[in-house]
Ligand SMILES: Nc1ncnc2c1ncn2[C@@H]1O[C@H](COP(=O)(O)OP(=O)(O)O)[C@@H](O)[C@H]1O
Ligand SMILES: [Mg+2]
């Protein structure tokens, strides 16, 4: 009485087929990732050394290290974080905790989503107009970082809003019922429970900008600088631009060197990503509800 | 036959803690509760019974002015607390502080046991640790929870059992030093033994605070409430001395049917 009918068998076959097809698609998906990482490590790893990481380029950038670019990228991302996090978090708190649900709020939310879709070269031109020229920061770390900050603002807002909305509404209501104001509720109950999500989400998103080239190219990153930047009003070298330069702009470049730069850049981003993912997993284990 | 509109029992001259007149609550266009006129006296346990969706929770929300946080919710009519119109009080946060609320499912805030109870005093600006210690111990004792948690005040409130969490929320409500305590079907997620313990706590508290007890268990209203209101389908069917309602001295047949468990 448990023999398979023809329909059963046909279902079984279909299910196997689909499983194979979907699995195959997934395989195709990760193929490029493996190829890229493999090539980078294969060709780039021999170049990496203490000297490569901690000295500056020499001989018209065909030799020596990448320290000014590495430092520059870290600086750019840090300053961008400093600018975009307070602004983005404040905006997200307003939108999620205070803003009434009306057409105006919905319009703002729509604008944020669209802002996330603006091409980075457009942000770059905005950065030139606003920070380099109008605010007279010149081409500088400050102008470049602020451009990056504007570019990352939408994702910071979205990441923060998601963390805030993950805090159950019942907590807010319990707090309001005790006579707490909205702000007291946010400060005592909502933020302490959202802060880890906000932090890790924001680091994850902003660290991705380490690889951006267009927004910093016209606003603060330089091809080559003999000295390290002394303040945020100086220009800086950056890994992404440096990679562009050594791969396309310099004659007689040793073949391995650009791979080394790319490997450092991608490692930096992956390192920040895995740090924030690890932090998130650790903190999620300690979650309080 | 015309039935007289429900009125507070007027045989006693007790001071009115909470006065409700012509209350109507709607969410958007949909009316959740209307035609409620009743008084709650000082130091009584006032029961509210009725089937689901009768408007009981909305009634409590209106008293605590929670419509402020929900743009959909509209409250008409008058609610007075200590004779003051709650729509017109200047400090609505101060009003809410004098009214403690306990929800159907315990909402243990993601804080330690201590911090849960100390939250309300801290919101008022109390920072002195010794003072807070006293308040926390007193409220936990009054909620019959102290003996069970006194050695682990630093554990998260959500690590306690369901019944303990519900008593924790009662302790938290008491830490507001409320004049009015409102409980919304508190025993829904609590075992019978804990329910009885909490009922004993409420009997004690009656000496000091006024209590509105919304309950899904009619027998609980009978055990505790001095007077009881029966809500049905968004209307207050009647208000009476609890014992009268349970012995059949009702103005409306539907009340008798509900109390006898014939529907609901
Ligand atoms: N936040 C809300 N938004 C819209 N309608 C609601 C809301 N809360 C309650 N209602 C409606 O109001 C009516 C009364 O609900 P409620 O006060 O929760 O009744 P009870 O507590 O007696 O079960 C129900 O029909 C319910 O659907
Ligand atoms: Mg209810």
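Computed from the coordinates by the stated procedures, all read-outs in this text should not be read as laboratory data. As the structure is a prediction and not an experimental result, all values here were calculated from the model. So basically every Cβ, Gly included, is an ideal-geometry build from the backbone, and we count neighbours across all protein chains shown.
Structure summary
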| read-out | value |
| --- | --- |
| Principal-axis tilt of helix B:192-205 within chain B, Cα atoms, nearest 10 degrees | 90 degrees |
| Pairwise FRET efficiency - residue A:42 versus residue B:189, Cβ, R0 = 41 Å, nearest 0.05 | 0.10 |
| Förster radius 25 Å - calculated FRET efficiency between residue A:116 and residue A:136, Cβ distance, rounded to 0.05 | 0.30 |
| Footprinting exposure proxy for A:103, B:146, A:42, A:176 (fewest neighbouring C-beta atoms within 10 Å first) | A:103, A:42, B:146, A:176 |
| Per-residue mean of C-beta atoms belonging to partner chains within 10 Å, peptide B:147-160 | 1 |
| Gained length - residue A:54 relative to residue A:22, 0.36 nm times residue gap less alpha-carbon distance | 7.0 nm |
| Ranked list, fewest to most other Cβ atoms within 10 Å of each Cβ, for A:58, A:200 | A:58, A:200 |
| Hull-based mean projected area of the stretch B:36-165, where the convex hull spans the alpha carbons, in square nanometres | 10.0 nm² |
| Projected label distance in nm at residue A:270 and residue A:94, using a 7 Å step from Cα toward the beta-carbon | 4.0 nm |
| Surface/4 estimate of mean projected area, convex hull on alpha-carbon atoms of chain A, nm² | 24.1 nm² |
| Per-residue average of Cβ from other chains inside 10 Å of A:179-188 | 4 |
| Residue A:278 paired with residue B:87, simple spin-label distance in nm, labels 7 Å along Cα-to-beta-carbon | 6.0 nm |
| Helix-only CD estimate at 222 nm, as mean residue ellipticity for the protein assembly as shown, using -39500 (n - 2.57) per DSSP H run (n ≥ 4) | -16000 deg cm²/dmol |
| Residue among B:107, B:134, B:250 with the largest mean-square fluctuation in a Gaussian network model of chain B, springs linking Cα atoms under 10 Å | B:134 |
| Listed residues B:50, B:125, B:157, most fluctuating in chain B (Gaussian network, C-alpha, under 10 Å) | B:125 |
| DSSP beta bridges in chain B [antiparallel fraction, %, rounded to 5] | 60 percent |
| Whole-number D in µm²/s for the stretch B:111-177 (Stokes-Einstein; Kirkwood sum over Cα pairs; 25 °C, 0.890 mPa s) | 215 µm²/s |
| Inter-label distance, nm, simple model (7 Å from Cα along the C-beta direction), residue A:249/residue B:223 | 8.1 nm |
| Three-way shape label, the stretch B:216-264, alpha-carbon gyration tensor, a/c 1.5 | rounded |
| Cβ-Cβ FRET estimate between residue B:53 and residue A:3, R0 fixed at 51 Å, reported to 0.05 | 0.50 |
| Residues listed by number, the stretch B:203-224, amide nitrogen under 17 Å from residue B:43 label point at 7 Å toward C-beta | B:203-212 |
